[in-house]
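Below is one structure, written out as structure tokens; the observations come after it.
The values are calculated or read from the model by the stated rules, or taken from the named source; none is laboratory data. On a predicted model such as this, the values are computed, not experimentally measured, just so you know. Note that we place each Cβ from the backbone using ideal geometry, even for glycine, and neighbour counts take in every protein chain shown. Calculation scope for accessible area: heavy atoms of the full protein, side chains included, ligands and nucleic acids excluded. Shrake-Rupley method; radii C 1.70, N 1.55, O 1.52, S 1.80 Å.
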Amino acid sequence: MIEMTNVYKKYPNGITAINGLDVRIDQGEFVYVVGPSGAGKSTFIKMIYREEVPTKGNVKVGEFDLVKLKAKKVPFLRRHVGVVYQDFKLLPRLTVYENVAYAMQVVGKNPKQIQKRVLEVLDLVGLKHKVRMFPNELSGGEQQRVAIARAITNMPRVLIADEPTGNLDPETAWGIMDLLEEINNRGTTVIMATHNSDIVNRVRHRVLAVENGRIARDQEEGGYGYES
Ligand code: ADP
């Protein structure tokens, strides 16, 4: 469960990106985060995995109080919150296998557990046959699949996707969407910031529209709601 109460975020440059935001997201939900550029979507999302800390208010993720959480405890939170980005952020000198295994090595899993799980998640994303390839040998869609595999390898309760289809052609984007749905169906909360109106309008889920640093609309099975 994720809960934000009366959250404000003012950056050092004086911009208030989040301006009195309240929201609650239950375990297992699929939530789209939509809104115009500069509305505060990324800041909102970054506060869930403690990339940003609010200036005021409370953020709770499961049993973690993210305002009180000490920096050295952040890795414990990150085991429960996987993140994928628009630009994938794979490590270019590591193979597909190594990119995913790395996420488990840093949390201290043993080599046998790692091998089993890495092959399992790469199978889930349909890339078991490309384990030895490097990121630059893969298409954008394949790179995003590796990034998703890496994000779910430690079985997080929450998967955050910040514009995951932003760099992909429509057909590839649908493949990524199917994968996020599959992960959600297995019980993981999925929070996806997106400008992809086709996806939001066709695969209906809860929509949180962020405008001026607040939730301007919170709608079950909502539409995209903006010109695209
Ligand atoms: P969105 O994801 O909806 O485009 P952001 O959360 O990225 O919105 O940005 C909200 C506002 O905060 C914008 O005015 C942006 O310029 C500002 N902002 C975002 N990140 C930073 C930062 N690290 N430092 C200063 N200002 C920022």
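Brief remarks follow.
- Result for the chain in a Gaussian network model with C-alpha springs under 10 Å: among 111, 75, 12, the largest mean-square fluctuation is at 12.
- Excluding the site residues themselves, the longest part of the chain lacking any GluC sites (Glu not before Pro) in a DSSP loop with at most 12 other Cβ atoms within 10 Å is 64-226.
- The Cα atoms of the stretch 39-94 give a gyration tensor whose axes a ≥ b ≥ c have a/c of 1.5 or more with a/b no greater than b/c, which makes the shape oblate.
- Separation of the stretch 169-228 and the stretch 144-164, taken as the distance between their Cα centroids, equals 15 angstrom.
- Percent carbon-and-sulfur accessible area, the stretch 2-47, ignoring ligands, DNA and RNA, probe 1.4 Å: 46
- Of the beta bridges in the chain, as assigned by DSSP with both residues counted there, near 55 percent are antiparallel.
- In the elastic network of the chain, a GNM with C-alpha springs shorter than 10 Å, the most mobile of 15, 199, 215 is 15.
- Accessible surface of the stretch 131-228, 1.4 Å probe, proportion on carbon and sulfur as whole %: 40
- Solvent exposure of the stretch 2-219, expressed per residue, is 48 Å² of accessible area, with all protein chains present and a 1.4 angstrom probe.
- Of the trypsin sites (Lys or Arg not before Pro) in the stretch 82-171, the ones in a loop by DSSP (not H, G, I, E or B) with at most 15 other beta carbons within 10 Å are 89, 93, 132.
- Alpha-carbon spread of the chain, three principal axes, descending order, Å: 47, 41, 33
- For the chain, built as a Gaussian network whose Cα springs stay under 10 Å, the top-fluctuating residue of 38, 141, 108: 108
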